[in-house]
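Some notes on the structure that comes next.
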Amino acid sequence: MHRRNLLRASLALPALGMSWPMARALASAEGAIAASGTTAGGEDGATPFEAAHVRDLARSLAAAPFKPRDTTLPDRFAAMKYDAYRSIRFVPDKALWRTDRRLFQAQLFHRGFLYKDRVDIYEVANGRARRVPYSNEMFTVADLPMKPAGDLGFAGFRLHTPMNRPDYFDEVCAFLGASYFRAVAKNQIYGISARGLALKTADKGGEEFPGFRAFWLERPAPGNSSIVVHALLDSESATAAFRFSIRPGEATVFDVAMALYPRVDIAQAGIAPLTSMFYFAAHDRDNIDDFRPAVHDSDGLAMKTGQDEHLWRPLANPKNLQVSTFRDHNPRGFGLLQRDRKFTSYEDLEARYERRPSLWVEPIGDWGEGDIFLVEIPTQGEIHDNIVSFWRPRAPLRAKTEYLFNYRLHWCAEPPHRGSLAVIEKTRMGASWNKDRRLAVIDIQGESLKGVPPDAGLVAEVSSDKGGIENVVAQPNPETGGWRISFELPVKPNPVLELRARLMGEKGTLSETWLYRWTP
């Protein structure tokens with residue numbers, strides 16, 4: 001998926017226990033549900049709704065063979081290019097709750113371009129769900145009325161709320177494309193995305209992309225600063241039900257409750273998947289001719305293990321696909337962070353990478369044994385998402401079984417896990433005087449290092465899986481108020497080196513642990 005097209009299109013655009021009408025609506029849209037039940041809806045088509053309805057529907061779908069979603073569109077929409085899709089704009093006056101004096105408004109995305117899958121949207125109010133009907137009057141094309149063309153349906157939605165100032169409704173999040181969604185906090189702009197579920201990521205046989213096929217938006221109470229969204233996900237291998245409780249602010253927080261129902265045994269599941277972009281930075285910019293010092297939406301993978309160890313792995317743009325795994329038991333958190341917040345680190349007046357959100361996953365409860373995955377895909381530009389991270393349970397997920405995962409997503413400048421340890425501020429790699437070696441420089445900052453005298457006896461603990469580390473130095477950095485670690489590493493004949501470093505004092509560890517995979 002071309003990430004810049006997805007992001008710019010958004011920014012440019014202002015079962016068991018299930019009632020028959022709700023299931024029928026999904027069946028008519030997707031052609032995939034053999035609905036049952038007899039409960040009739042009201043005159044407005046509304047039917048009783050509880051969160052359990054979505055879970056029951058996901059469970060029922062998982063018991064039946066997968067049927068593809070409806071992608072039928074007139075040619076002018078099916079073959080639509082980016083610029084044409086961008087010209088389709090939702091009419092703001094048609095937004096849900098526009099005239100209700102509520103703190104949220106919902107706008108809908110039209111189908112077309114990359115987004116051909118039909119997604120049903122429901123509004124939930126007073127315990128009843130009503131399907132939002134499609135109308136061409138909801139959209140304009142290049143500021144002209146949309147021509148009638150039948151029920152073309154919706155591709156997704158976005159939410160607006162007064163976040164940066166009280167008299168303007170800012171876009172806070174959007175759900176568009178497969179199971180992708182993204183959000184921002186106060187004074188941020190879109191960057192990293194999340195997904196409902198990842199399957200077979202980096203598999204040689206190709207990745208499977210589950211998709212959201214229906215959403216239920218709960219009408220927020222007047223004055224309520226949070227909103228609840230329910231979602232149904234479907235794919236060849238699994239179905240799932242989601243409940244998102246969304247709270248915008250200085251950090252925008254999603255409380256996520258996921259119920260997953262595999263159709264088949266799944267060994268390659270990705271829970272709480274994150275998708276971002278890393279093109280180059282000071283430690284990785286070989287043969288890139290660009291006026292900017294760095295280009296990335298995220299600069300590192302941060303982890304807080306079940307043993308309360310804090311890890312930092314700088315991202316890379318490798319020449320070949322790289323998959324790294326970090327084994328853990330009951331992880332306390334992980335995320336792709338944009339740690340460098342200085343404009344001078346990017347010098348890009350349009351992209352403003354310093355304002356991209358970090359995204360931190362906080363598991364709620366124990367997730368057991370598994371691995372945090374980091375997938376780094378080669379890219380020759382910034383238009384593609386090439387970084388993926390997620391949690392994979394150690395044991396395969398079995399068919400006809402229910403799996404519950406609860407977690408919290410923090411779209412933020414800094415994740416909430418940061419403790420007393422100093423953090424890795426910057427990683428740099430460069431040539432050494434010895435052609436068979438490279439020089440690594442790591443800058444570390446934190447409150448625990450402020451005021452530490454140069455003769456405090458701090459030492460750098462540095463290691464490599466293949467040995468050969470030389471000239472290790474730990475010294476204060478008077479320009480930042482932190483400390484700097486530098487060392488030389490051998491690069492011949494080793495094709496890959498796994499490096500590890502941290503700053504130590506008399507009383508123990510002073511910094512998070514730096515991890516790095518060096519490849520030629």
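The values are calculated or read from the model by the stated rules, or taken from the named source; none is laboratory data. Just so it is clear, the structure is predicted and the values come from calculations on it, not from any experiment. Neighbour counts are summed over all protein chains in view; Cβ atoms, including those assigned to glycine, are modelled from backbone coordinates with ideal geometry.
In the set 352, 398, 392, 327, which member is farther than 14 Å from residue 279 by Cα, surrounded by 14 or more Cβ atoms within 10 Å (Cβ to Cβ), at pLDDT 95 or above and of a type in the set (D, E, K, R)?
One residue alone meets the criteria, 392.
Identify the residue in the range 83-92 that is buried (at least 16 other Cβ atoms within 10 Å of the Cβ) and touching a Phe, Trp or Tyr at 6+ places or on another chain (Cβ under 8 Å) and, among all such residues, is farthest from residue 177 (Cα to Cα).
Step by step, filter the range 83-92, then rank; the result is 91.
Out of 460, 456, which single residue is among the small types (Gly, Ala, Ser) and either more than 36 Å from the chain's Cα centre (by Cα) or in the same structural domain as residue 303 (by TED's automatic domain parsing) (or both)?
Residue meeting the stated conditions: 456.
Rundown of residues vs (1) in the same structural domain as residue 54 (by TED's automatic domain parsing); (2) farther than 23 Å from residue 334 by Cα; (3) touching a strand residue (DSSP E or B) at 6+ places or on another chain (Cβ under 9 Å); (4) part of a strand (DSSP E or B), yes/no style:
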| site | (1), (2), (3), (4) |
| --- | --- |
| 166 | yes, yes, no, no |
| 217 | yes, yes, yes, yes |
| 220 | yes, yes, yes, no |
| 241 | yes, no, yes, yes |
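Mind checking which residues of the range 197-226 are basic (Lys, Arg) and either buried (at least 17 other Cβ atoms within 10 Å of the Cβ) or modelled with pLDDT of 95 or more (or both)?
200, 213, 219
Looking only at helices (runs of 4 or more DSSP H) that fall completely inside the range 47-94, which ones have 3 or more residues that are closer than 23 Å to residue 213 by Cβ?
Because the criterion is at least 3 residues that are closer than 23 Å to residue 213 by Cβ, the helices (runs of 4 or more DSSP H) in the range 47-94 that meet it are 51-62.
Against the conditions (1) more than 18 Å from residue 422 (Cβ to Cβ); (2) small (Gly, Ala, Ser); (3) crowded, with 17+ Cβ neighbours inside 10 Å, where does residue 468 fall short? Just the number, please.
(3)
Looking at (1) surrounded by fewer than 19 Cβ atoms within 10 Å (Cβ to Cβ); (2) assigned to a loop (DSSP other than H, G, I, E, B); (3) modelled with pLDDT under 65, which one does residue 18 not meet, given that it meets all the others?
In the conditions (1) surrounded by fewer than 19 Cβ atoms within 10 Å (Cβ to Cβ); (2) assigned to a loop (DSSP other than H, G, I, E, B); (3) modelled with pLDDT under 65, residue 18 misses (1) alone.
For the condition in contact with a Ser or Thr (Cβ under 8 Å, 6 or more places away or on another chain) and part of a loop (DSSP other than H, G, I, E, B), what is the one hit in 415, 378, 454?
From the options 415, 378, 454, the qualifying one is 415.
Out of the range 408-439, which residues are closer than 30 Å to residue 264 by Cα and surrounded by 20 or more Cβ atoms within 10 Å (Cβ to Cβ)?
Passing the criteria: only 409.
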